[in-house]
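J.: Have a look at the structure that comes next, please.
The values are calculated or read from the model by the stated rules, or taken from the named source; none is laboratory data. What you see is a predicted model, and the numbers here were worked out from it, not measured in a lab. Cβ placement follows ideal geometry from the backbone for every residue including glycine, while neighbour counts extend to all protein chains displayed.
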């Protein structure tokens, strides 16, 4: 694939793209995916939408304030001028963004790209060591950071030019913006210039940085969102994933902007608080993890969700039992989906009458998927294998030798074990490293988790392999019980017996440990590598 001439004077990203013979095959079969050679995805999402829908329409909300499209255009232009005039940002420079979900963080993301910069959005809870790793990989020129969490940034990236927001200092971003008139001409980038660098959420403990072009950002809006969510201008979106997690970026910023809709950005909320916010702000599209859907029901909040027309689940597999409980209580069919930081967003999903509970869905229009064996050959329907996908987005790691493992023969190899049925539906089995071999059996940890989650006392569960002197490996379950319940040998025996009744008895967990919470990334994914380390006695 020939790259067009870059609009960036700073060639950092172009210089660190993987060799093109290691790129996946890209598909642009749909007519809406044929973008002009020059564009700015942030201006396309915000400025073009504001001109089409009207400046007075609601755009960015928080629990306490509302910015219209016109106000959001003005503020993003002001931030772009702060970056270019006060900090000398040049096209292609990277800008590290740090803060919880808020209108200011969303505006900063848009402004960086308008100014020709490349966003590096980090999770708000990252510590100095993690920030140092990301900054070392991406070499940002400047940072925009919520004033409440500036300490970790200063420790992790000492000397990095930084502008803070949300405080009352004389150099606060809001003060700097007030000195700008709000006029700015967006940098017209190449469609294949890098717009964002997204670091993986680290479920393996080894984060990577994925590079996404301007056209990639629009492609997710024009495939998954267009065909599955089907957003309209009167929608109000919200969710719990951080904007630094591509699931959150899409569902809480990109998709509502593309449709001219509004988005409610919440810093942090318990499931009960999330349900209350849905009711209070007229939310119609909700994106969160399976655990939150289950917890909202446990908190008695089903009636607060009556105005929702779309519930989106990703980040972790959606257990069939959770889907059924939620549907029975609300009448809403949760849309499951699988995506990845490498692919930018969801590439397999289903909506409405196409949903089959327990299945992730079918390939999203614009994408292709298949199941491959270890040699790269397709396997028959019904047999497990490696999930492989291709489409208008795909993996390009920043200077990372793991590129050749994720991309093979033109396919993106997601690291998930799936089966496909004769109707083209994909059924999740496990992460490829979550397959447990014990007593000669291959057992998918998530299958055991789903069985245990159907017990009414189990709120969360993580299942991994644990070393065993006699069997080599046994199945161990880490269980979070519902509030007010106590674990112990009797409860463990009860859950083991229950699991034997739900799935084949040889799949039951021979060890059960009760915990207060499962280790998770900030994006909500269970860090099973930490559970495996704990089971092996490597960590406390």
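J.: Only residues that are part of a loop (DSSP other than H, G, I, E, B), out of contact with any helix residue (DSSP H, G or I) (no Cβ under 7 Å at 6 or more places or on another chain) and under 15 Å from residue 428 (Cβ atoms): list them for the stretch 356-377, please.
T.: Selection gives 356, 359, 360.
J.: Output yes when any residue across the stretch 20-30 is touching a residue at least 12 places away in the same chain (Cβ under 8 Å), in a loop (DSSP other than H, G, I, E, B) and either touching a helix residue (DSSP H, G or I) at 6+ places or on another chain (Cβ under 6 Å) or over 28 Å from residue 406 (Cα atoms) (or both), and no when none is.
T.: Within the stretch 20-30, not a single residue is touching a residue at least 12 places away in the same chain (Cβ under 8 Å), in a loop (DSSP other than H, G, I, E, B) and either touching a helix residue (DSSP H, G or I) at 6+ places or on another chain (Cβ under 6 Å) or over 28 Å from residue 406 (Cα atoms) (or both).
J.: Taking into account only those residues within the stretch 402-420 that are without any contact (Cβ under 8 Å) to a residue 60 or more places away in the chain and not in a strand (DSSP E or B), which is nearest to the chain's Cα centre (by Cα)?
T.: 405
J.: Condition first: in contact with a helix residue (DSSP H, G or I) (Cβ under 6 Å, 6 or more places away or on another chain) and within 26 Å of residue 509 (Cβ to Cβ). Can you find one or more residues in the stretch 415-426 that meet it?
T.: Yes: one or more hits.
J.: Kindly establish whether residue 428 is in contact with a strand residue (DSSP E or B) (Cβ under 9 Å, 6 or more places away or on another chain), at pLDDT below 95, part of a strand (DSSP E or B) and buried (at least 23 other Cβ atoms within 10 Å of the Cβ).
T.: yes
J.: Out of (1) at pLDDT 95 or above; (2) under 28 Å from residue 50 (Cβ atoms), what's the single condition that is false for residue 307?
T.: Going through the list (1) at pLDDT 95 or above; (2) under 28 Å from residue 50 (Cβ atoms), residue 307 breaks only (1).
J.: While we're on this one: For the stretch 226-240, what are the residues that are in a helix (DSSP H, G or I) and either surrounded by 23 or more Cβ atoms within 10 Å (Cβ to Cβ) or not assigned by TED's automatic domain parsing to the domain that holds residue 348 (or both)?
T.: 229
J.: Restrict the check to the stretch 324-333 and report whether at least one residue is in contact with a strand residue (DSSP E or B) (Cβ under 7 Å, 6 or more places away or on another chain), free of Cβ contacts under 8 Å to residues at least 40 places away in the same chain and farther than 28 Å from residue 210 by Cα.
T.: Looking through the stretch 324-333, at least one residue is in contact with a strand residue (DSSP E or B) (Cβ under 7 Å, 6 or more places away or on another chain), free of Cβ contacts under 8 Å to residues at least 40 places away in the same chain and farther than 28 Å from residue 210 by Cα.
J.: Ok, one more. Among the residues of the stretch 142-164 satisfying the criterion of being touching a residue at least 60 places away in the same chain (Cβ under 8 Å) and touching a strand residue (DSSP E or B) at 6+ places or on another chain (Cβ under 6 Å), which is surrounded by the fewest Cβ atoms within 10 Å (Cβ to Cβ)?
T.: 161
J.: Please report, ordered by residue number, the strands (runs of 3 or more DSSP E) entirely within the stretch 131-211 with at least 3 residues that are more than 24 Å from the chain's Cα centre (by Cα).
T.: In the stretch 131-211, the matching strands (runs of 3 or more DSSP E) lie at 161-165.
J.: Among the residues of the stretch 324-339, count how many are crowded, with 23+ Cβ neighbours inside 10 Å and within 16 Å of residue 456 (Cα to Cα).
T.: The qualifying residues number 1.
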